[in-house]
1. Would you confirm whether or not segment 91-103 contains a residue that is under 17 Å from R124 (Cα atoms), among the hydrophobic types (A, V, I, L, M, F, W, C) and without any contact (Cβ under 8 Å) to a residue 12 or more places away in the chain?
2. Does P102 satisfy the condition of being exposed (fewer than 13 other Cβ atoms within 10 Å of the Cβ), in contact with a Gly (Cβ under 9 Å, 6 or more places away or on another chain) and modelled with pLDDT of 95 or more?
3. Of all residues in segment 15-50, count the ones that are in a helix (DSSP H, G or I) and surrounded by 15 or more Cβ atoms within 10 Å (Cβ to Cβ).
4. Considering only segment 37-55, I want to know if a residue exists there that is more than 20 Å from R126 (Cβ to Cβ), at pLDDT 95 or above and in contact with a Lys or Arg (Cβ under 7 Å, 6 or more places away or on another chain).
Amino acid sequence: MDAYFILYVEDQRRSAAFYRAVLGRAPRLDVPGMTEFQLGADSVLGLMPAAGIRRLLGPALPDPDGARGVPRAELYLLVDDPGACHARALGQGARELSGLAPRDWGHEAAYSLDPDGHVLAFARERPAGE
């Protein structure tokens, strides 16, 4: 099974530039209405303008912009160097929520908010005994 995680964004160009810099990779698709980044063999991050999903689903969908400023999703990425990824995110304008620290579930993770208010976490498993 492949998994696509689609974030609704205010400005597709701005969000695509942010994630290109933070993830350190070019999108696999970048067309008006959708930017996609391959995250792993079976997972893709998509960035879709909120206006696009409103056009697609119409009035049946609550307005994604109605919750502006309220985190609506978290993107939790396991990476080799969460501190470096977190620093890149902050350098691209993300707002720090919590610095890199050991977490109760066996990871060390850092949290920030992307330009659209989505929670962005970079983590790695802690070695046994830490």
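The values are calculated or read from the model by the stated rules, or taken from the named source; none is laboratory data. Because the structure is a prediction, the values reported are computed rather than measured. Neighbour counts are summed over all protein chains in view; Cβ atoms, including those assigned to glycine, are modelled from backbone coordinates with ideal geometry.
1. yes
2. No.
3. Total meeting the criteria: 9.
4. The answer is yes; a qualifying residue exists.
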